[in-house]
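Some notes on the structure that comes next.
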Amino acid sequence: MEIVLTKNSKIKNVDFENLEFGKIFTDHLFVCKYSNNNWGTGKIMPYDNFLISPSARVFHYGQAIFEGMKCYRSDNDSLILFRPDENFKRFNKSSTRMAIPEIPKNIFFDGLTELLKIDKDWVKKGDGNALYLRPFVFASEPSINASEAIEYTFMIICCPAKSYYGNQKIKVKIEEKYSRAAKGGVGYAKAAGNYAAQFYPTSIAKEEGYQQIIWTDSNNHKSIEEAGTMNLFFRIGDKLITSPTSDSILDGITRKSIIKLAKDSKIHVEERIITVDELMNAQNKGELMEIFGTGTAVVILPIKTFGYQKNDFNLPDLKNPWSLMLKKKLNDIQYDRSAEYENWKLKIS
Ligand SMILES: Cc1ncc(COP(=O)(O)O)c(C=O)c1O
């Protein structure tokens, strides 16, 4: 791998206590290009703008996918990537759906680990602190022919992050008009266009006072799918219910980790379709105890209020919510305070 280091590190000018998510990037990036049916040699170079043709297919047909993962610094200063194998598998699953060539495992992992070794000072200690890693690939071939490209660029950029919504509880709206994903579509892929398509309905929800949307199925808006960049969990009575992953729901890595940790804690977990009717019934009977979202950016985010058909419903304020208990368990693994699930941690040395 070729490595070109920056002569002007930006780190001294960064206020790590007041970070706005996704605005500040570390000193270096990783890049690797695909042409002539082959991935080339990867390169680490200073983070900077780059040249790209206005006819690059990504701008016209949106052929691009990405991943989101985090590196944590433990109390004794090890750097830990959380379940990166899962991100790697999902990266290629998303690529395949978007007719992008799969990236070889060694390029993905060499890029990540070398970049982390070089930019390690950007991974700060302490709960909520992490380095967010964004591997992505896009069709860089200059051509506006509406078919898949023959040239691609893979990159990894990193930004220091604090937890996404801090400790606030959010207000979400159950969507009844717009859809995020359809059967047979690309909802299970981290395709760039899935996110662009959410912005307009989410901006309407924001005007109405909600931070996020709970997406429902595209056929009749009866079953609950996921929210923004989170999978959803519902505590009804003494059961924890989450929708099964499908071709319209992203197979979240936090989701599968929380299912495992909840089962370890003897919580009864059901992965099955949950309808809005069931949710409203539980709410009316006083059995709906918690709703929380799970995702790399937020880890676990409790939902305080949900809106449905122009009415708002508040969740009870519990003394010991499952969301907090599970978040602590997961954080303890991520920050290496717990010796459990060693196989979920990739330590960078
Ligand atoms: C649409 C969507 N759902 C769910 C998630 C949560 O997935 P993960 O836990 O792997 O971050 C994400 C974030 O990656 C997402 O973009």
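Points worth noting:
- The solvent-accessible area of ASP85, taken with every protein chain present and a 1.4 Å probe, is close to 70 Å².
- Listed residues ILE156, ILE273, ILE253, most fluctuating in the chain (Gaussian network, C-alpha, under 10 Å): ILE273
- The stretch 2-162, relative contact order in percent, only Cα pairs under 8 angstrom and at least six apart counted: 34 percent
- Solvent exposure ordering (accessible area, 1.4 Å, most first) of GLU226, GLU271: GLU271, GLU226
- Counting protein heavy atoms only, the chain has 49 percent of its accessible area on carbon and sulfur, 1.4 angstrom probe.
- Contour minus Cα-Cα distance for LYS93 and ILE204 (0.36 nm per residue): 36.8 nm
- Gained length - SER35 relative to SER78, 0.36 nm times residue gap less alpha-carbon distance: 11.8 nm
- Against the chain, whose longest principal axis is taken from its Cα atoms, helix 253-264 shows a tilt of about 50°.
- Cβ-Cβ FRET estimate between LYS12 and LYS177, R0 fixed at 56 Å, reported to 0.05: 0.70
- Hypothetical label at ARG337: residues of the stretch 78-118 whose amide nitrogen lies under 18 Å (7 Å Cα-Cβ projection): 78-82
- Distance between the stretch 254-318 and the stretch 208-243 - C-alpha centres, whole angstrom: 8 Å
- Remark: the stretch 1-144 carries 50 Å² of accessible area per residue (probe radius 1.4 Å; ligands, DNA and RNA excluded).
- Probe 1.4 Å, protein heavy atoms only - accessible area per residue of the stretch 170-334 in square angstrom: 42 Å²
- Label point 7 Å beyond Cα of MET325 along Cβ direction - residues of the stretch 285-304 with amide nitrogen under 13 Å: 290
The values are calculated or read from the model by the stated rules, or taken from the named source; none is laboratory data. As the structure is a prediction and not an experimental result, all values here were calculated from the model. FYI the Cβ positions are ideal-geometry reconstructions off the backbone, even for glycines, and counts take in every protein chain you see. These accessible areas exclude ligands, DNA and RNA; they are computed on the full protein's heavy atoms, side chains included. Shrake-Rupley method; radii C 1.70, N 1.55, O 1.52, S 1.80 Å.
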